[in-house]
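Beneath this line is the structure, given in structure tokens, with notes to follow.
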Amino acid sequence: MLKALSRRALFGALAATLTFGAGVAHANPATDFVNSFGGQLVSIVNSSKPLAEKKREVLPLLQSNVDIQGIARYCLGRYWRTATPAQQQKYLQLFDQVLVNTITDQIGNYQGVSFRVTGSTPTPDGERVNALIDRPGQPEVNMQLIIGGNPSKVVDMYGEGASLRMNQRGDYSSYLSRHGGDVGALNTALEHQLNNHH
Amino acid sequence: MDSRQDRIGKKATRSRRSRAIAGVLALLTLGACGSLRNPPPKDPDDLADYKAANDPYEPLNRKMYNVQMWAYHVALRPVAKAWVWAVPKPVRHSISNINETWREPAVFFSDVGAGKPRRAGDSFMRFTINMSAGVAGFFDVASLVGYKQHETDPGMTMGTWGVPSGPYLFIPFVGPSNFRDGAGYAIGQALTPINYVPRGYGLLTFNWAYNILGTVDGFANSVDQIDHLEQDSLDPYSYVRSAWQQNRQSQIDAMQNDHRATTPDWYN
């Protein structure tokens, strides 16, 4: 199990996936986007600045390049409809922080990262950009970013064949179904998670 | 001499038989646990979630997951941390090489069963090279000469044949699985040569060491990820279930789409 689990630390992997340098794939808007976004991110990650400063610099970059709100709504699934507008608003604020926190957590672990874009294929959700990530002393990781929307943003990420947002949706819907579908309870749990985050 | 070998052979057969019986009993017990099965919900949205999760035995599986995580926190995690602290990286690397190499026969037969000659050839060459030039599997020489490691197990092979997965199962110390892959795991064990080594005292000790070290090493590589999973999920059980099911399906799809020629890359 644990070997399998180790292949599937998807949140963590997103950070690694995003740390892209110059790619070599056939240029198209999606691969250009990934190269540009990843180039900015990798320059921050691989710098010698303290982690806290890296986090501060990375936050706005993620917020402008990852469709955090779209992913948040997807993760709530059918419970989005049953939530009150106030609950929705609160949830979006919390999700933004949860996602950004989780990603930035991982950044310290992936210094000296390099990557190359190996190609892209169209999918119903957007252009799927394949990338190989190389971390010093670690096996190469194969990841895919789904780029969609206008302007282009990251709408999902696949690591080891599993969709990040689908895993997150499973996590939340399971929590909600065990708590009577109460989005307020989910918000409280997310707040608790953020407060305990270190 | 002959009678001694006969005795040892019988012992090994008995041991295999007892494990098979234990496995069958476990599955039968599972099937009999009617009260541990969630009935399909009436609400259409709930029913859609229920079907997507493919986990009718969720109450039982959650109990098994809790057992696993209890063992993880009280024993496996501290042991794994100590292991990483005490054992140099090259030694840990060699242990994971041995585990991979000695699993290759099961990988080979699974590749053959799936009708994937290139993959089967790769696993055959990996076993041959690593058992000889790699000193019984201590060193992964095969990767250096172009035969990269890949995983195939009988559950994946059955998946390529179109055998349905059956409901999700969480088996303590085996991990996420389902009915098909649980059966595949048992077949995989039967295809692993170390399980057929005659049970002399020295070899028995070695076999235990091999299994325990392999397990500890596997945990050691995963502690950080498990800790993150527990910290970042509201319901780690369902996160693992979703990730594992998707990962499993993608492995089967990747194998089905592997139409590489049997000649090596350098020849083409």
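The values are calculated or read from the model by the stated rules, or taken from the named source; none is laboratory data. Here the structure is a predicted model, which means the values were calculated and not measured. Here the Cβ positions follow ideal geometry from the backbone for every residue, glycine too, while neighbour counts run over all protein chains shown. Surface accessibility is based on the protein's heavy atoms, side chains included, excluding ligands, DNA and RNA. Shrake-Rupley method; radii C 1.70, N 1.55, O 1.52, S 1.80 Å.
Here B:Asn221 fulfils each of the conditions (1) open to solvent by less than 60 Å² (accessible area, probe 1.4 Å); (2) within 7 Å of chain A (Cβ to nearest Cβ); (3) of a type outside the set (Ser, Thr, Tyr) apart from (1). In segment B:173-195, the qualifying residues are those that are open to solvent by 30 Å² or more (accessible area, probe 1.4 Å) and within 14 Å of another protein chain (Cβ to nearest Cβ), and the one that is farthest from B:Glu58 (Cα to Cα) is B:Tyr185.
Considering only segment A:30-70, state which residues are closer than 30 Å to A:Gly184 by Cα and touching an Asp or Glu at 6+ places or on another chain (Cβ under 7 Å). Result: A:Ile68, single match. For B:Leu60, the conditions (1) open to solvent by 60 Å² or more (accessible area, probe 1.4 Å); (2) more than 13 Å from every other protein chain (Cβ to nearest Cβ); (3) in contact with a helix residue (DSSP H, G or I) (Cβ under 8 Å, 6 or more places away or on another chain) all hold with the exception of (1).
Which of the residues belonging to segment B:129-169 are in contact with a strand residue (DSSP E or B) (Cβ under 9 Å, 6 or more places away or on another chain) and part of a helix (DSSP H, G or I)? Across segment B:129-169, the qualifying residue is only B:Gly155.
Collect the residues in segment A:69-83 that are of a type outside the set (Gly, Ala, Ser) and surrounded by fewer than 20 Cβ atoms within 10 Å (Cβ to Cβ), keeping them in residue-number order.
Looking only at segment A:69-83, we keep the residues that are of a type outside the set (Gly, Ala, Ser), and these are A:69, A:71, A:73-76, A:78-82.
A:Gln69, A:Arg73, A:Tyr74, A:Arg78, A:Trp80, A:Arg81, A:Thr82 - these are the residues of segment A:69-83 that are of a type outside the set (Gly, Ala, Ser) and surrounded by fewer than 20 Cβ atoms within 10 Å (Cβ to Cβ).
B:Gln231 falls short on exactly one of the conditions (1) of a type in the set (S, T, N, Q); (2) surrounded by fewer than 15 Cβ atoms within 10 Å (Cβ to Cβ); (3) part of a helix (DSSP H, G or I), and that condition is (2). Tallying residues that are free of Cβ contacts under 8 Å to residues at least 40 places away in the same chain and part of a helix (DSSP H, G or I) within segment B:250-268 yields 4. For segment B:79-95, a residue qualifies if it is of a type in the set (A, V, I, L, M) and surrounded by fewer than 19 Cβ atoms within 10 Å (Cβ to Cβ), and the qualifying residues are B:Val79, B:Ala82, B:Val84, B:Ala86, B:Val87, B:Val91. With the condition kept exactly as written, say whether any residue in segment A:159-179 is surrounded by fewer than 22 Cβ atoms within 10 Å (Cβ to Cβ) and more than 19 Å from B:Ala243 (Cα to Cα). Looking through segment A:159-179, at least one residue is surrounded by fewer than 22 Cβ atoms within 10 Å (Cβ to Cβ) and more than 19 Å from B:Ala243 (Cα to Cα). Scanning segment B:96-150 for residues that are open to solvent by 50 Å² or more (accessible area, probe 1.4 Å), touching a residue at least 60 places away in the same chain (Cβ under 8 Å) and among the charged types (D, E, K, R) returns a single hit, B:Arg103. Here A:Thr188 fulfils each of the conditions (1) at the interface with chain B (Cβ under 10 Å from one of its Cβ atoms); (2) open to solvent by 30 Å² or more (accessible area, probe 1.4 Å) apart from (1).
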